[in-house]
Amino acid sequence: MIHFVVLISRQGKVRLTKWYSPYSQKERTKVIRELSGMILARGPKLCNFVEWKGYKVVYRRYASLYFCMCIDADDNELEILEIIHHFVEILDRYFGSVCELDLIFNFHKAYYILDEILIAGELQEPSKKTVARLIAAQDALVETAKEQASSISNMIAQATK
Amino acid sequence: MGSQGGWGQSKEFLDLVKSIGEARSKAEEDRIILREIDTLKRRIAEPDVPRRKMKEYLIRLVYVEMLGHDASFGYIHAVKMTHDDSLLLKRTGYLAVTLFLNEDHDLIILIVNTIQKDLRSDNYLIVCAALTAVCKLINEETIPAVLPQVVELLGHSKEAVRKKAVLALHRFYQRAPNSVSHLISNFRKRLCDNDPGVMGATLCPLFDLIKEDINSYKDLVVSFVSILKQVAERRLPKTYDYHQMPAPFIQIKLLKILALLGSGDKQASGHMYTILGDIFRKSEPSSNIGNAVLYECICCVSSIFPNPKLLEAAVEATSRFLKSDSHNLKYMGIDALGRLIKINPDIAEEHQLAVIDCLEDPDDTLKRKTFELLYKMTKSSNVEVIVDRMIDYMRSINDNHYKTEIASRCVELAEQFAPSNQWFIQTMNKVFEHAGDLVNVRVAHNLMRLIAEGFGEDDEGADSQLRSSAVDSYLCILGEPKLPSVFLQVICWVLGEYGTTDGKYSASYIIGKLCDVAEAHSTDDTVKAYTISAIMKICAFEIAVGRKVELLPECQSLIDELSASHSTDLQQRAYELQALLGLDSQAVESVMPSDASCEDIEIDKNLSFLDSFVNQSMEKGARPYIPENERSGMFNIGNFRSQYQHEASSHSLRFEAYELPKPSPPPTIPQVVLPLPTTDLVPVPEQTYPRETHHAPNLPSATDASSVDFGVKLRLEGVQRKWGRPTYSSPSASSSSSTQKTANGATHLDGRTVSSQTRDNFYDSRKQQAEVSAEKQKLAASLFGASTAKSEKRQLPTHKTPKGVPTTAEKPAVKGAISSSEPPKEKTVPSSPPPDLLDLGEPTPASTPSIDPFKQLEGLLGPTSAPSAIDHSSAAGPKTPDLMALYTDTPPAAVSSGSLNPELADIYTVNKNSHGTTNVAAMNKGQNRQDSLQKDATARQVGVTPTENNPSLFRDLLG
């Protein structure tokens, strides 16, 4: 099971966190501090895994962004590496050659996408196409809602003038 | 799509994100966020915030929280937003609550209603959003509220909904297995879902269920195999392909399940062989995902009933991993190797150099994994090298979590495989020195017991040798500045017990050292208690042999200080010491007999020595003691009694709060009738009128003062019980372990032969480390060992339970399984655990190895017979000759090279000493050498056997 997903930049800035096991806010801060200290210091040719307090953290670096997932000691690390890549590919398809800035400004979008890939710490959908379809359906709804909302707010704005 | 703007966020928010991005330090970031929190608090509290504005605030709150700050002031607004009708806002609300709230948060109860409503929605997107929230937020208490609806959704027309419903049920199962136990058939049904996504999701809960109860799912083996077959044959839609692999994530999940189902089940495993072979063949070692599947295949093969062909494929894949340049693959290879050697320990041999490379790799992760592998393959022949390595590594790290782990592993290995007591003590010293505060206290007690019990009663010479070597090493170590408290306790105890036994050190010298310890650790009461007790023992021993004890001034001041200590324990010890000093030698001898830590202490539970005193006072008119049961039987106080009896039975302090004293009963009834205010002293629950009247007749029967006495006595009773029974405590944790001895006696012969042989290796490994050249090769050789050592180890089980016939019958059966892959035939053969097969795989004649160690022992004892040992070992393995050549310079030569480093020299001399004794023993006892060896081994087994053994390790190693 995946216990949490953390995205940190090379400077140690947090870009996204998702916790599937209960951690208090204090623990979260501590975890992130510890992990970023450990992972960011690692050289490029070393393993993409770190053993950490009886768990394992699998990380993968894309440009200046580290994707880290914490898993149980008996999980398959290579599989998790590919789940990370799966996530990135979907992000890439969604944003169109995704970059760190996309995630910085649209972190909530990234959350929605992650929710379609992982649920309760398990891989939910191994098909990229299915995920893309679901996200598109939600966005379509959002667009229509937005149009309605803006037309309503226009009307209100005009009425209150 | 554009990356910035265009998403309806305000400029304010974009500025915030930008300024965070530009922040130079964490402090600056924190300042910005704190300002943002202030702003948000103000804005959110404004009346009539437009809903769309609120949505943005929530996202900003998520941002704040993500950066590690507390946004709890806005949680309620997130909850409110989930109630919104518009999907856009609702989704934001759900996103925010799932990120904010843990499953035990108070606000969850407010969301349950909304979730219930949304699960019934016509819009499947709303249902999906609600199900996502269900997975995160619903806890054990609220499961029943949504369970029926989630179950209903298993039949929803949209596959996305079905999938999420399955995973939600899985989550429920994880939280509270009982809540969904009646729904398990639903998971089986969903396995046949038309949508591969739903089927794949169903594998998650099934995996957990099967892990709990394998046997109920054996019927699914065929289905799983056929699903895996279809997946591997690319029958799934193309969209499930991942990097040209057909649905690898589903394959991996299936392989995990098959590994569980096939474990130790020959028939079930039989179904899997074909498909596993196919996957091996079709695997793509070029891609990462291909390797992930391969690795899972290896795991599966090593878990199910072994099949030689598949094992071969697994070994081949493993060696490819190990030879790869990628650290990731090496890591996986080491892990896979650890799994495969459980089936066949020989597999490790051909990869020894790769393993050594990994062990010396700068990558910490890889190193740790390799240590894990070494830990799994430790046996008596390589324990020294492995534990030495582990300790070296332990010194170099400062990750406490891992340090604890590796320290406990060292201790475990040392306890199980120690070739000699000296080595064991040396090793424990090192572990304590470097990770003392992290190891379990029990380990320290074990160590003390080992020193106290030594080799056993028959061989006092070796015992005292062991003790004096321990004393020597401890006196050396005491010079070091920072020692962990636990270790100091051991040292003090040993010094007190055996510091002066061999006459090498004077009492005043040891006492001086102990005083230094107490002074240096003035804040640690436990250590001080140990030191003062140790001083007391030394003084007692001195007095007992008739020598005069003159306390050093620093010792006297220590006693003075402790007599005035805040700790009553220390005070008592100090006073005891002072009292002891005033006694004559005979009294002291009986109070503190020398070397009596192993003796049982008899306790007179009836306190019969007080009888005369009791009789005397009875004659003087004292009332006789009334046993508790009779005493409380005098008055019938229902609740009161049972409550206190319960307390008496537990004999411990009460941690829960005391009951509130009941308000005194209505004044009209009791106080008037009975002049009994004293009962109120005790909190008596349920004071009722009838009971009190019951008291009345009893009272006059007691003596005059009873009305007062009664209350007081009651009270005292409670107090006394609260303190509980005084427990006997002594600094030594030793207890007689004679039963253990007999229990372990069975294996003693083997234990001895193994250890005698490993002493050779001990020399070898020591030397290797001194020699820099060709170091790796030698390390490999000493780790993986000459095959003699291995065969010896494997011989252990066959020795004990000769099972030649059943195992030979097994082999052809397995072969049949491979060739025909038809299970029915094998049904006649009783399935047995994998290792048996392997025992047979390389049948070792039991007679030869049992002779060899003795030959080698002869080699140890005298240089004359050394050649025979060499002959033997050179025949054994290709790697050993040079090692053995090293060995041929007999002990004297080894000593001469002792100048290499002090530690080394130390060990050599220690070993030389022990040679001396064994030699003498052998001379004296002549033909009975074997007997003495047996005794030796028995004692060693007892001393070194862990009280709480590590069953899995034992099983793995002994098969």
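The values are calculated or read from the model by the stated rules, or taken from the named source; none is laboratory data. What you are looking at is a predicted structure, and each value in this text was computed from that prediction instead of being measured. Here the Cβ is made from the backbone with ideal geometry for all residues, glycine too, and neighbour counts use every protein chain on show.
Of note:
- Residue match in segment B:295-311 (condition: away from chain A (no Cβ under 14 Å), without any contact (Cβ under 8 Å) to a residue 60 or more places away in the chain, of a type outside the set (Val, Ile, Thr) and not in a loop (DSSP other than H, G, I, E, B)): yes
- Of all the residues in segment B:13-52, those that are within 14 Å of chain A (Cβ to nearest Cβ), hydrophobic (A, V, I, L, M, F, W, C) and in contact (Cβ under 8 Å) with a residue 12 or more places away in the chain number 7.
- Checking every residue in segment B:257-265 against the condition of being of a type in the set (S, T, N, Q), surrounded by fewer than 20 Cβ atoms within 10 Å (Cβ to Cβ) and within 24 Å of B:Pro205 (Cα to Cα) gives at least one match.
- Strands (runs of 3 or more DSSP E) contained entirely in segment A:21-112, each with at least 2 residues that are facing chain B (nearest Cβ under 9 Å), in contact with an Asp or Glu (Cβ under 9 Å, 6 or more places away or on another chain) and loosely packed, with under 15 Cβ neighbours inside 10 Å: none
- In the set (1) of a type in the set (A, V, I, L, M, F, W, C); (2) at pLDDT 80 or above; (3) surrounded by fewer than 19 Cβ atoms within 10 Å (Cβ to Cβ), B:Ile391 fails one condition alone, (3).
- Matching residues, segment B:374-388, being surrounded by fewer than 21 Cβ atoms within 10 Å (Cβ to Cβ) and closer than 18 Å to A:Ala73 by Cα: B:Tyr375, B:Lys376
- Counting only residues that are more than 10 Å from chain B (Cβ to nearest Cβ) and either of a type in the set (Gly, Ala, Ser) or touching a helix residue (DSSP H, G or I) at 6+ places or on another chain (Cβ under 7 Å) (or both), segment A:115-161 holds 6 of them.
- Matching residues in segment B:229-261 - criterion: being free of Cβ contacts under 8 Å to residues at least 12 places away in the same chain and out of contact with any helix residue (DSSP H, G or I) (no Cβ under 8 Å at 6 or more places or on another chain): B:Gln230, B:Arg235, B:Lys238, B:Asp241
Okay, residues lined up against (1) at pLDDT 75 or above; (2) more than 28 Å from B:Val527 (Cβ to Cβ); (3) of a type in the set (Val, Ile, Thr):
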site: B:Gln556; (1), (2), (3): yes, no, no
site: B:Ala596; (1), (2), (3): no, no, no
site: B:Glu602; (1), (2), (3): no, yes, no
site: B:Asn606; (1), (2), (3): yes, yes, no
site: B:Glu630; (1), (2), (3): no, yes, no
site: B:Arg641; (1), (2), (3): no, yes, no
site: B:Gln645; (1), (2), (3): no, yes, no
site: B:His651; (1), (2), (3): no, yes, no
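- Restricting attention to segment B:87-125 and to residues that are without any contact (Cβ under 8 Å) to a residue 24 or more places away in the chain and assigned to a helix (DSSP H, G or I), the residue that is farthest from the other protein chains (Cβ to nearest Cβ) turns out to be B:Asn113.
- Flag if B:Ile298 is in contact with a strand residue (DSSP E or B) (Cβ under 6 Å, 6 or more places away or on another chain) and closer than 28 Å to A:Tyr59 by Cα: no
- The single residue among B:Ser226, B:Ser157, B:Ser216 that is farther than 19 Å from B:Cys128 by Cα, more than 33 Å from the chain's Cα centre (by Cα) and either crowded, with 21+ Cβ neighbours inside 10 Å or of a type in the set (S, T, N, Q) (or both) turns out to be B:Ser226.
- Within segment B:541-597, if we keep just the residues that are charged (D, E, K, R) and assigned to a helix (DSSP H, G or I), the residue that is nearest to the chain's Cα centre (by Cα) turns out to be B:Asp569.
- Residues satisfying the stated conditions in segment B:234-256, i.e. touching a Lys or Arg at 6+ places or on another chain (Cβ under 9 Å) and away from chain A (no Cβ under 13 Å): B:Arg235
- For B:Asp70, the requirement of being assigned to a loop (DSSP other than H, G, I, E, B) and within 12 Å of another protein chain (Cβ to nearest Cβ) is met.
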